[in-house]
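The structure under discussion appears below in the form of structure tokens.
Where a number appears in this text, it was derived from the coordinates with a stated rule and is not lab data. Nothing here was measured: the structure is a model prediction, and the numbers come from that model. Don't worry about glycine lacking a Cβ; one is built from the backbone with ideal geometry, like all the others, and counts go over all protein chains shown.
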Amino acid sequence: MKHFLWIAILAVFAGTLLFGAPESQDSPAAQIANVEAAQSPNPQGLAPYTLPQLMERFHIPGVSIAVARDFQVQWVKTYGVADVSAGTPVTSETRFQAASISKPVTAFAVLRAVEAGKLSLDEDVNRYLKSWKVRDNQFIHDHAVTLRALLSHTSGTGDAFGFPGYAPGADRPTLVQILDGKPPSNVGPVFWERPPFAAYKYSGGGIVIVQLLLQDVYGQPFAQIMRQLVLEPVGMTHSTYEQPLPAEMDRSAARAHNGDGMALAAKWHVYPEEAAAGLWTTPTDLVKFGIELQKALRGESKLLSHSTALETVAPVGTGPFAIGFGIEKRGEDGWYFTHSGSNWGFQCELLMHRLKGYGIAVMTNSDRGGRIINEIETRVAAAATWDMLDKPVPRPMNMILVRALAAFVPVCVLFGGSVVWLFRVRTVWCVLQVVGAGAIVVVIVAHVCEALHLLPWMGWGLEHSPGHYVDLLSAVLGATLFPLGYLADGLASWHVHR
């Protein structure tokens, strides 16, 4: 028998040497396998499909994913092709258009300029604008338009448009032409329809004002400002705001595809609205950016102070946006800062936890990429046990009271839909009544006859407050009884007549 045991131990040891130790469920390989596989035991929605099957179902040529954990990039995985016409595979260095995720990255640059003393979030933007001005109107006559309002989409602008972009060979407008809606701009003018902070309405035009303001203040091209303030300091080595994309960078860029997975006429569109839609990047670089902000929120960033970083996660009071990011509560416990993006032939999303050091960026080269982005996020959250899938934490019952009551035999009666327990602690009789919302009322009486007299009682009408009687019971039991909370749930099984 002993020989057999040693043989078994040696066999396990040899197997470990030959094939390696079993993969931890927390390892990147295990998480990736869980994300790629069909999800069980939930045979609903998109769960029965593997990730490659989802890409095929929705005609999405390429997907790139980066996941953060413990404030660092944990894993990166790519799928499919960057260009269906060329068959070029997606790699971790493949650039995608970040579309509207350009906006929170721009907001980060603004906050760095604020800390440098060049800007204020709460000054009238006309103080900084030189090449164009916000024109006075009935909505802003007594309310200044500020960077805080523009970056949270609460400035009162009524454009509400995204940007279709321009073919690479087409004439492109200046920022002033875009803001005024003049040719060759392909969008209407930016206008005001309500006072600042009166309501939330997503505004790409408002972010174009921010772009022009930064250019006027720094006297440099916007792409250069962003490289100096954000991209290089954060380490976003595969990112640029240059429009159109330079040829050497284009060699590693994905192509735009329509909802049927077909290559669009041009490889990509050009976006002179760089602050709002012009960032080319990778999921890895986006996650690096998200981690830098997470660190700043912990006071651990060299680029942004803790107090300034809080501006990015504190909604301004109207709508879901703080400075640059939307703030979402996902599930029971998780608070996240997030932004999605959708350009011509590209869709993507960045989602980062407010506190816990994890997050995800997903980028696709398809007009239907959004159909699987949420599914990928859910699968990653499940594989990595993110708190967005946590169940509610039960309200703690006062276990001292429960144990004290459990030591005695209760008498339970039902009166007028109310549950009342009559029990004795030493020589003292108590009446315990469950009232609305699971609250507990305890009355102390000296004699059983007084307890019986109180059973039909429906209101307090006593000489002292309810807290007085609870304090008496606390003294008898030698323990504090509050908070009682949902003790009714714990006593529900006591519905026994004796």
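At what distance in nm do the modelled label points of Glu332 and Ala198 sit from each other, each positioned 7 Å from its Cα along Cα→Cβ?
Modelled inter-label distance: 4.2 nm.
Assuming R0 = 51 Å, can you tell me the calculated FRET efficiency for the pair Ser131 and Ala37, based on Cβ-Cβ distance, to the nearest 0.05?
The value I calculate is 0.40.
Cβ neighbours within 10 Å, averaged per peptide: list 212-220, 269-277, 198-206 in order, most packed at the top.
269-277, 198-206, 212-220
Report the label-to-label distance for Ala167 and Gln228 in nanometres (one decimal), using points 7 Å from each Cα along the Cα→Cβ vector.
Calculated label separation equals 3.7 nm.
Could you run the Karplus curve 6.51 cos²θ - 1.76 cosθ + 1.60 with θ = phi - 60° over segment 325-339 and give me ³J(HN,Hα) per residue in whole Hz, x for Gly and Pro?
10, x, 10, 10, 9, 10, x, 7, 10, x, 10, 10, 9, 8, 7
Shape verdict for segment 76-389, please, from the Cα gyration tensor: rounded (a/c under 1.5), prolate (a/b greater than b/c) or oblate.
The shape class here is oblate.
Once R0 is set to 22 Å, what does the formula 1/(1 + (r/R0)^6) return for the Cβ-Cβ distance between Glu248 and Ser92, expressed as a FRET efficiency to the nearest 0.05?
0.75
For the ranges 67-78, 125-136, 99-110, what's the packing order if you count other beta-carbon atoms within 10 Å of each residue, average per peptide, and put the highest first?
Answer by packing, highest mean first, reads 99-110, 67-78, 125-136.
Show me 174-180, 185-191 ranked by packing, highest mean number of other Cβ atoms within 10 Å first.
Result, highest mean Cβ count within 10 Å first: 174-180, 185-191.
Take Ala116 and Gln53, extend 7 Å from each Cα along the Cα→Cβ direction, and tell me the distance between the two endpoints in nm.
Distance between the two pseudo-spin positions: 5.2 nm.
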